[in-house]
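Colleague: The structure is given below, and queries will be raised subsequently.
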Amino acid sequence: MDPLYIVLILGGLLAAGLVVYTMTTRNQLVRTLHEMDQRQKSEAETLRQALDSGLSKGREEAAARSKENTELIANVRERLVAISEFKDSVKQSVSDLNESVTGVKRIFDNPNKRGLFGESQLKDIVTTALPNELYEFQHRYDKLDGGYVTFDCFLKLPDPPGPIGIDAKFPSELYRNIAEATTPDAQNEARKQFEREIKRLLGDIADKYIIPEVTSEFALMFVPSEAIFAEIYSSSPSVTEVSHKRRVYIVSPSTLMAALNTIRSVVNTMNVQRAAEQVLKGLAEVAKDAERLQKRTEDFQKRLSSVLNKTDEVVTSSRKINERVQKMQGGNTESLTSGEESTTLLSNGQELPDRLT
């Protein structure tokens with residue numbers, strides 16, 4: 001066979017095979033591309049659905065967050081307004097507090113106002129602890145020499161102990177000097193001045209408020225501050241000695257309240273005892289009246305017995321007269337000789353002689 005022919009045959013076979021291969025490959029490629037296209041479309045649809053779902057959720061979440069943010073912003077604004085109002089209120093409160101502190105400072109700096117403050121505290125405590133009949137404020141006592149004493153508070157207590165005078169004192173300025181002293185020497189000097197003033201006050205109260213045969217043998221000095229009260233008793237033992245010597249005892253709000261509660265209990269006990277004594281006296285009078293009634297009853301019984309005896313005598317005499325009258329009616333005239341005697345005996349309440357029968 002001709003080699004050329006063979007080559008042509010081989011070339012044709014190769015061309016045919018190439019064409020077949022090419023067609024097969026092309027079909028496979030087309031299928032692959034179609035599958036890839038379908039897969040891409042499916043994935044694109046899935047991705048689109050996922051994106052749509054995600055966007056929808058994102059829009060919902062964004063709307064919810066926007067609503068929350070709006071509410072949060074509104075709450076923040078309300079809180080800011082409240083804070084602003086609270087700030088203004090705090091400023092006003094601080095301003096009021098400053099005014100109050102300034103007012104209190106003015107009170108403490110003025111001796112007369114300090115005295116009124118102490119008397120006000122004293123009045124609140126006494127009116128709380130005791131009934132109205134046991135106290136009197138600004139009680140005036142006129143002395144025999146023409147002078148008079150005005151008690152800040154006058155406790156109307158029975159003997160013992162008797163009426164007690166209470167004087168309110170508020171040495172806040174001297175106490176403040178102790179607290180504001182910057183050196184130990186200055187503090188010691190301020191404490192000495194404070195001690196001298198307290199002793200002077202104790203002496204004044206003793207001279208004014210302890211009146212023989214009018215008040216009790218002691219008086220009270222009321223200090224309307226627990227801190228000042230503690231300073232008084234811690235400043236020097238000599239203050240306590242003067243207090244006991246002059247019989248003027250220092251009390252604070254708490255100790256005065258305790259003392260007044262004790263006094264109220266004692267007064268109630270004394271009132272109960274007095275009421276019991278009155279009851280016993282009344283029972284003694286009732287016993288005397290009962291004894292007199294018994295004697296009068298016995299006398300009446302004796303008189304009644306005597307009357308009953310006389311009544312028996314009258315009945316006996318009446319019976320005998322009746323019997324005699326019946327005999328006379330029966331024709332027996334012997335009884336006429338003794339009729340006058342019978343009448344005489346009857347009028348005298350005596351029995352008729354046996355012969356009348």
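Any read-out appearing in this document is the output of simple, stated calculations on the displayed coordinates, not a laboratory observation. None of these values were measured; they are calculated from a predicted model. Because the Cβ atoms are built from the backbone with ideal geometry, glycine has one as well, and the counts that use them run over all protein chains shown.
Colleague: Quick one: S317, S238, fewest Cβ neighbours within 10 Å first, how do they rank?
Modeller: Listed from fewest to most nearby Cβ atoms, that is S238, S317.
Colleague: Taking 41 Å as R0, compute the FRET efficiency from the Cβ-Cβ separation of A258 and K87 and round it to 0.05.
Modeller: 0.40
Colleague: Moving on. Go through 220-233, 247-260, 143-156, 280-293 and give me the packing order, highest mean Cβ count within 10 Å leading. Let's see the in-between values first.
Modeller: Numbers: 220-233: 19.6, 247-260: 17.7, 143-156: 14.4, 280-293: 9.9.
Final packing ranking: 220-233, 247-260, 143-156, 280-293.
Colleague: Starting from the alpha-carbon convex hull of the range 114-251, give the projected area averaged over all orientations, in nm².
Modeller: About 8.9 nm², averaged over all directions.
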